[in-house]
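These notes concern the structure reproduced below.
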Amino acid sequence: SRMKRLGMLLSSSCSQNHLALVDAKGFDPSDVCVMVNDGRVTVSAEHKEECNTGLAKTCNYRKYMKEFSLPPAVDEDEVTCSL
């Protein structure tokens, strides 16, 4: 279950002081970008799929972005992420 996985993640975390989880379901890790700048963390993802059959061409495009502020005492150079 989702809560069980969250509990396992929290217990395996090296530093449990701060943790943010972002659901990037439907995106490949190569689609996801994490940036830290000016005390803010931005997580964005984009995915585009094109399907071209003999009769029609379809395109599926998804974009996601979440941004949040770091606590004041957090050093931006110490922020890590994993996918």
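The values are calculated or read from the model by the stated rules, or taken from the named source; none is laboratory data. This structure is a prediction, so every number in the text was calculated from the model and none was measured. Here Cβ is always computed from backbone atoms with ideal geometry, including for glycine, and neighbour counts include all displayed protein chains. Just the protein is used for accessible areas: all its heavy atoms, side chains included, with ligands, DNA and RNA removed. Shrake-Rupley method; radii C 1.70, N 1.55, O 1.52, S 1.80 Å.
In segment 60-83, which residue that is open to solvent by 80 Å² or more (accessible area, probe 1.4 Å) and not in a loop (DSSP other than H, G, I, E, B) is modelled with the lowest pLDDT? Give the derivation first.
Of segment 60-83, the ones open to solvent by 80 Å² or more (accessible area, probe 1.4 Å) are 61, 63, 65-67, 72-73, 77-78, 80-83.
Then drop every residue that is not not in a loop (DSSP other than H, G, I, E, B), which leaves 61, 63, 65-67, 77-78.
Details: 61: 90, 63: 93, 65: 92, 66: 90, 67: 90, 77: 85, 78: 81.
Going through the qualifying residues, I end up with 78.
For segment 38-59, enumerate the residues that are surrounded by fewer than 10 Cβ atoms within 10 Å (Cβ to Cβ) and farther than 23 Å from residue 74 by Cβ.
First, pick out the residues of segment 38-59 that are surrounded by fewer than 10 Cβ atoms within 10 Å (Cβ to Cβ): 38, 49-59.
Those that are surrounded by fewer than 10 Cβ atoms within 10 Å (Cβ to Cβ) and farther than 23 Å from residue 74 by Cβ: 49, 50, 51, 52, 53, 54, 55, 56, 57, 58, 59.
Quick one: would you say residue 33 is surrounded by fewer than 13 Cβ atoms within 10 Å (Cβ to Cβ), hydrophobic (A, V, I, L, M, F, W, C) and within 15 Å of the chain's Cα centre (by Cα)?
yes
Pairs are defined by a Cβ separation below 6 Å, a sequence spacing of at least 6 or placement on different chains, a first member in segment 58-71 that is within 15 Å of residue 28 (Cα to Cα) and without any contact (Cβ under 8 Å) to a residue 40 or more places away in the chain, and a second member that is part of a strand (DSSP E or B) and of a type in the set (D, E, K, R); the pairs so defined are 60/49; 61/48; 63/46.
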